[in-house]
Amino acid sequence: MTTTNAESTGSVDEASGRTPSPLDQKILEHFPGLVVRKDLTTELKQNAVVPTYVLEYLLGQHCATDDPTLIAEGLETVRRILAKHYVHRNQAELVKSTIKERGTHKVIDKLTVELNDKGGFYEVEFTNLGLKKVPIAVDFIKRYPKLLVGGIWAITDVEYELPADPKASPWQISSVKPIQVAGVNHDEFLAARAQFSTDEWMDVLMQSVGFNPEHFSRRAKLLTLIRLIPYCERNYNLLELGPKGTGKSHIFAEFSPHGMLISGSEVTAPKLFVSNANGKIGLVGYWDCICFDEFAGKDKKVDKTLVDIMKNYMANRTFSRGIEQLTAEASMVFMGNTQKSVAYMLKHSHFYEPLPDKYIDSAFLDRIHAFNPGWEVAPVRHELFCTGYGFVVDYIAEVLKHLRTEDYTGLYKQHFEISSEVSTRDQTGFEKTFSGLMKILHPNGKATPEEIAELLEFAMECRRRVREQILRIDDTFRTNDFVYRSLNGGTTVTVLTPEEKQFPAFAGPRPEPATDDDSPAAPGVPESAPPAGAPTTPEAKQQHLVVPENAKGWSYRRLFGDYLVGAQKIVIKDPYIRAFHQIRNLVEFLRMVNEITPLGDEVRVHLITSSDPETLEKQKDNLTQVAESFSGTATPFSWEIEASPNFHARSITTDTGWKISLDRGLDIFQWFEYSQLSAAATLQEARLVKGCELSSFKSTI
């Protein structure tokens, strides 16, 4: 691999138009040949549907430098390798023809192997090339057992020769080279790590997983890096729930050849643990980390037997094959999306609400070592991605795999003690999280008392979140404080989660029951009663209002606010929410509803609009973006397109019985300069209005 030198280190990288930062230069100096510029991965990824670690394996061989000339040459080499050997599905027949005509050819593809029971030999399937039932020597299976469970990406020599037996396959495999680094010298890694401060090292790791650390707070970095613990800590169980688009599954899909990402709905006991039919060991026997993506969802079918097997495995590392007890070291990660705001879940339900019912089991959830609050993670956007240098992901993946043999759970005890009564599972949970974070940030096991306290407190917080939410679903669990004390000075710290501090009124173990449109009202409460905690305002009156042309001082809150108080569902009918300024008006309406919604409650807003063929796709994109951005807030938003040509009337209706007819819909403001320094951009009252009329009266949806 190419290494850097003093002359190239300070050069301007012409390929990206940027000068390597001091941190980039330091990475290149201490980890020569083991780092790559992360935007090169993004550039190549646009044209090749392969895991990041496959691309960075190639980039690490040819572009591990900051010399712009060598980078350009290496990038061209990688492109040629991919063009010549990577198999695109739509070019599979061309590649087969090349193999036939040449007799042999190297291909980059994912291989999966199955045993032919009747023939007693193994057969391989090429994911992109489309070849199936190609015989493969048993030696390859013994060397690379992951071929049997999920498959591996590899550089494979495929040969073609017509056999004498017409039933035999003409395709043969002469060599298989898994795409992975040759090995890691751990002592050299530790020596190089020692050259970085803790802050620098956190930034190195953030860049290595593809993010620009400048856009992340220290806590946000911890929330991201905790996702690496399953790779370096044996039998670690992590749960993360949050809004869509926060990159929850990115690390588990792209980061390591030792991890497997599977859909939560595809999980079966034979696939995960063991098949009683043939005794074949499942995924836990071969992978360091198994991530269940899209784990949340009430509509998912769940086998209760599987839940019971998982409970035993997550607690004891064991599972059964007949009368035989087997053990495995695979960590479990559960990723899912939430739809409700944090305040709403605390006030009315619990954080586990999005999970399938069979997983809302206190015994299963108590096996979770840490609950990562995905709602604190910023949605992934372009500027968050890294353009600097980070480790070739396969290298850092091997480092983390080596660290699985270490145990740092007790390193905090030389400085701190747990001074509150906690359960064994609580202590195991936060100690394993602490151990994992120490391995990631301080792999030599050495850190200052302040750094140890930071990681211990974060680990206890993540376990406390598990415990506090279990208390909401199972009253047989006891309330425990999470308190640690310094052995040097006796300072005592009580650990609370951020949401407990932010919403103390809702943080108790028993939430208020949520009201729903389809559920009957509580005894003695009229069905039309507004939700508890709704603000008291002067009673809204039926009226007809004329808003004069060119007037100022009008806003959605002044026009509609009194009629929307206490509502749980609002329906907007407006055929003209199409142009950008009309959708911006919609966003301002949603913001107003959000502002008048009591803390911990939720008001669903549904839009019915129409479209025209010229702008339909852009309109759909914009409305989808609005819906995604308001997901997880107190104002979840949905929309539909009404195709009827007779759709003209505009109105706002609520589930409290109010209907507001609008002759202009939400489009009541005249054009104004949308500048950040303009009052009109922020205050609707500062805008000139169009003349309009509205009528408010009692009705039903």
*Going 7 Å from the Cα of D308 in the Cα-to-Cβ direction, what parts of region 234-277 have a backbone nitrogen less than 20 Å from that spot?*
267-277
*How high is the FRET efficiency between R558 and E29 when r is their beta carbon distance and R₀ equals 60 Å, given to the nearest 0.05?*
0.45
*Given q = 0.30, 0.33 Å⁻¹, what are the Debye log10 I(q)/I(0) values for region 277-324, with equal point scatterers placed on the Cα positions and solvent ignored?*
-1.34, -1.32
*So which trypsin sites (Lys or Arg not before Pro) in region 132-170 are both in a DSSP loop and have at most 16 other Cβ atoms within 10 Å of their Cβ?*
K132, K133, K167
*Report the convex hull volume per residue for region 57-167, counting only C-alpha atoms, in Å³.*
126 Å³
*Using mean Cβ contacts within 10 Å as the protection proxy, how do 662-670, 408-416 order, highest first?*
662-670, 408-416
*Under 5 Å between amide H atoms, partner at least 5 residues away or on a different chain: which partners does F334 have, H built in plane at 1.01 Å?*
L238, L239, E240, F292
_Inter-centroid distance (Cα atoms) of region 99-155 relative to region 574-645, Å_ = 50 Å
*Can you list the residues, at least 5 places off or on another chain, whose amide H is less than 5 Å from the amide H of S175, using H built in the peptide plane?*
D157
*About the Cα centre of the chain, what is the dipole size in debye to 20, counting +1 per Lys and Arg Cβ and -1 per Asp and Glu Cβ, all else neutral?*
1000 debye
*For S486 and L599, calculate 0.36 nm times their separation in residues minus their Cα-Cα distance, and state this gained length in nm to one decimal.*
37.0 nm
*How many lysine pairs does region 143-278 hold where the Cα atoms are under 20 Å apart and the two sit 8 or more places apart or on different chains?*
4
*According to a simple spin-label model (label point 7 Å from Cα along Cα-to-Cβ), what is the distance in nm between S675 and T198?*
4.7 nm
*What is the distance, in nm, between label points placed 7 Å from the Cα along the Cα-to-Cβ direction at R591 and at Q339?*
2.6 nm
*More than 49 Å apart - percent of Cα-Cα pairs taken over the chain*: 27 percent
*If you take the beta carbon distance between D117 and D357 as r and set R0 to 56 Å, what does 1/(1 + (r/R0)^6) give as a FRET efficiency, to the nearest 0.05?*
0.90
_Output needed for region 176-239: three equivalent-ellipsoid semi-axes, defined as square roots of 5 times the C-alpha gyration tensor eigenvalues, in descending order, whole Å._
23, 18, 13
*Roughly how many nanometres apart are two label points built 7 Å out from the Cα toward the Cβ at F385 and E188?*
3.1 nm
*Quick one: grab Rg to one decimal and Dmax as a whole number for region 137-268, Cα atoms only, in Å.*
20.6, 66
*Percent of C-alpha pairs per 5 Å bin, region 132-205, short to long*: 3, 11, 15, 15, 10, 10, 8, 8, 6, 5, 4, 2, 1, 0
*Give me the aspartates and glutamates in straight-line cross-link reach of K541: C-alpha distance below 20 Å, same-chain residues under 8 apart excluded.*
D562, D655, D663, E693
*When the Kirkwood radius is taken over all Cα pairs of region 570-701, what Stokes-Einstein diffusion coefficient follows at 37 °C and 0.692 mPa s, in µm²/s?*
209 µm²/s
_Using a Förster distance of 41 Å, the FRET efficiency for D474-E324 (Cβ separation, nearest 0.05)_ = 0.80
_If the only charges are +1 at each Lys and Arg Cβ and -1 at each Asp and Glu Cβ, what is the size of the charge dipole of region 267-382 around the Cα centre, to the nearest 20 debye?_
160 debye
*Based on the mean of other beta carbon atoms within 10 Å per residue, what is the order of 216-229, 493-506, 69-82, most packed first?*
216-229, 69-82, 493-506
*At 1.002 mPa s and 20 °C, Stokes D of region 357-497 from Kirkwood alpha-carbon radius, µm² per second*: 127 µm²/s
*Residue-wise HN-Hα coupling along region 147-162, computed from phi with Karplus coefficients 6.51, -1.76, 1.60 (Hz; x: Gly, Pro)*: 4, 7, 10, x, x, 9, 7, 8, 9, 10, 8, 10, 10, 10, 7, 5
*asked:* Run the numbers for D612 and E421: contour at 0.36 nm per residue of separation, minus the present Cα-Cα distance, in nm.
replied: 62.3 nm
*Compactness index (Cα Rg / 2.2 N^0.38 Å), region 233-312*: 1.14
*Average Cα contact separation per residue, the chain, under 8 Å, 6 or more apart, as relative contact order %*: 11 percent
*Which of the peptides 671-680, 579-588, 329-338 is most tightly packed, and how do the rest follow, going by the mean number of other Cβ atoms within 10 Å of each residue?*
329-338, 579-588, 671-680
*Carbon and sulfur together cover what percent of the accessible area of the chain at a 1.4 Å probe radius?*
50 percent
*Surface accessible to a 1.4 Å probe, per residue, for the residues of the chain, Å²*: 46 Å²
*Accessible area, 1.4 Å probe, largest first: how do H30, H350 sort?*
H30, H350
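The values are calculated or read from the model by the stated rules, or taken from the named source; none is laboratory data. What you see is a predicted model, and the numbers here were worked out from it, not measured in a lab. Quick reminder, even Gly has a Cβ in these numbers, built from the backbone with ideal geometry, and neighbours come from all protein chains shown. Side chains included, ligands, DNA and RNA excluded: accessible areas come from the protein's heavy atoms. Shrake-Rupley method; radii C 1.70, N 1.55, O 1.52, S 1.80 Å.
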